[in-house]
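Here is the structure we will look at.
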Amino acid sequence: MSADPRLSINQATIKYADLATALRVTADAGVQSIGLWREPVNEVGLDTAAKMLADSGLRFSTHCRGGFFTLPEGPERWASIDDNRRAIDETAALAAAGAEGSTAVLVLVAGGLPEGSRDLVGARSRVHDALTELAPYAQDAGVTLAIEPLHPMFGSDRCVVSTLGQALDLAAGFPAEVVGAAVDTFHIWWDPQVYEQIARAGREGRIATYQVCDWKTPLPADVLLSRHYMGDGVIDFASLTRAVVETGYDRDIEVEIFNQEIWDTDPATVVARTAASFAATVSPHL
């Protein structure tokens with residue numbers, strides 16, 4: 001069995017699989033790459049996780065996730081910064097353990113408004129402050145921090161960075177190999193500037209990862225779980241994928257799906273369905 005060589009399974013797509021299972025079903029499906037999440041890595045410990053990854057023969061595409069930078073000044077904020085340093089260390093170790101072609105990319109979710117706050121401008125400013133604090137550490141570790149803009153419906157609770165343009169503006173003061181952006185179709189497909197901003201990201205060398213999944217309405221009560229297999233919704237993967245490829249992006253492409261029904265499905269079945277939907281919607285445009 002084989003899959004598109006550019007496909008990477010983001011571990012969130014098979015959320016309930018432990019690390020050993022996630023690595024096994026991904027490799028068994030002929031997929032060559034995986035993006036990992038911190039929680040299952042930390043369940044087994046970083047050293048063990050790195051060995052398991054190395055033994056799997058899989059490439060490592062990203063580590064999820066760091067960020068949550070919007071807390072006001074105080075002990076909680078600095079604890080979060082310290083935790084991001086640990087995430088950078090994990091990313092570097094896992095990228096070193098992965099097969100040839102692995103990339104040391106830590107995906108960052110900026111964080112939402114602190115409880116009781118309406119100060120969106122201040123929250124975004126604190127994201128920049130955190131990047132300033134972490135960028136030298138990431139550079140020394142050889143890790144790229146990938147700012148992920150999230151759809152505006154997550155602006156209050158998860159991410160005050162809502163567009164690719166905002167992410168690129170935040171990254172602009174840092175070297176491209178240190179701070180880049182995650183281009184996730186679910187979050188940016190609606191943006192009237194999306195193609196202009198993808199081209200800009202390419203010119204600036206800041207596309208750290210390209211992630212795909214689909215958008216379908218009506219949204220569930222928990223909008224976090226509203227992602228779907230590619231082809232099941234309304235996103236134009238042809239145009240978006242061509243736009244990304246035209247920038248020269250040649251890395252792995254992750255499928256990251258948050259969906260309760262998919263999580264409740266056997267992970268091997270999910271990976272097979274993911275590979276098939278990727279082949280139908282993304283592969284023809286690579």
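The values are calculated or read from the model by the stated rules, or taken from the named source; none is laboratory data. Given the structure is predicted, the values throughout are model-derived calculations rather than measurements. Heads up, the Cβs are rebuilt from the backbone with ideal geometry, glycines too, and the neighbour counts pull from every protein chain shown. Surface accessibility is based on the protein's heavy atoms, side chains included, excluding ligands, DNA and RNA. Shrake-Rupley method; radii C 1.70, N 1.55, O 1.52, S 1.80 Å.
Return the residues of segment 192-218 that are in a loop (DSSP other than H, G, I, E, B) and of a type in the set (Asp, Glu); say none if nothing qualifies. Walk me through it before giving the result.
The first filter runs over segment 192-218 and keeps only residues in a loop (DSSP other than H, G, I, E, B), leaving 192-193, 204-206, 213, 216-218.
Once the filter is applied, which keeps residues that are in a loop (DSSP other than H, G, I, E, B) and of a type in the set (Asp, Glu), segment 192-218 yields only GLU204.
Any residue in segment 169-182 that is within 24 Å of ALA280 (Cα to Cα) and either of a type outside the set (Phe, Trp, Tyr) or part of a loop (DSSP other than H, G, I, E, B) (or both)? First the steps, then the outcome.
Taking segment 169-182 as the starting set, the residues that turn out to be within 24 Å of ALA280 (Cα to Cα) are 182.
From the residues that got through so far, the ones that are either of a type outside the set (Phe, Trp, Tyr) or part of a loop (DSSP other than H, G, I, E, B) (or both) too are 182.
The answer is yes, given that some residue of segment 169-182 is within 24 Å of ALA280 (Cα to Cα) and either of a type outside the set (Phe, Trp, Tyr) or part of a loop (DSSP other than H, G, I, E, B) (or both).
Taking residues in segment 109-120 that are under 22 Å from ARG65 (Cβ atoms) and touching a residue at least 40 places away in the same chain (Cβ under 8 Å), and partners anywhere that are in a loop (DSSP other than H, G, I, E, B) and of a type in the set (Phe, Trp, Tyr), the pairs with Cβ atoms closer than 6 Å and at least 6 places apart or on different chains are ALA110/PHE69; GLY111/PHE68; GLY111/PHE69.
Considering only residues that are of a type in the set (S, T, N, Q) and more than 30 Å from ALA135 (Cβ to Cβ), look in segment 178-236 and name the one that is most open to solvent (accessible area, probe 1.4 Å).
Step one: filter segment 178-236 for residues of a type in the set (S, T, N, Q), giving 185, 193, 197, 209, 211, 217, 226.
Among the residues that remain, those that are also more than 30 Å from ALA135 (Cβ to Cβ) are: 217, 226.
Working: THR217: 94, SER226: 1 Å².
The qualifying residue most open to solvent (accessible area, probe 1.4 Å) is THR217.
One line per residue, one yes/no per condition, for (1) part of a loop (DSSP other than H, G, I, E, B); (2) touching a residue at least 24 places away in the same chain (Cβ under 8 Å); (3) touching a Cys at 6+ places or on another chain (Cβ under 9 Å):
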{"position": "ARG242", "(1), (2), (3)": "no, yes, no"}
{"position": "VAL245", "(1), (2), (3)": "no, yes, no"}
{"position": "ARG251", "(1), (2), (3)": "yes, yes, no"}
{"position": "ILE257", "(1), (2), (3)": "yes, yes, yes"}
{"position": "THR265", "(1), (2), (3)": "yes, no, no"}
{"position": "VAL270", "(1), (2), (3)": "no, yes, no"}
{"position": "ALA279", "(1), (2), (3)": "no, yes, no"}
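Among the candidates SER162, SER156, single out the residue that is without any contact (Cβ under 8 Å) to a residue 40 or more places away in the chain, small (Gly, Ala, Ser) and open to solvent by 10 Å² or more (accessible area, probe 1.4 Å). Step through it out loud before you land on a result.
On the way: SER156 fails: without any contact (Cβ under 8 Å) to a residue 40 or more places away in the chain.
After ruling out the rest, the residue left standing is SER162.
Tell me whether segment 126-137 contains one or more residues that are without any contact (Cβ under 8 Å) to a residue 40 or more places away in the chain, open to solvent by 10 Å² or more (accessible area, probe 1.4 Å) and among the basic types (Lys, Arg). No - not one qualifying residue is present in segment 126-137. Please find, within segment 14-56, the residue that is nearest to GLY101 (Cα to Cα) out of those that are of a type outside the set (A, V, I, L, M, F, W, C) and touching a Phe, Trp or Tyr at 6+ places or on another chain (Cβ under 8 Å). The selected residue is SER33.
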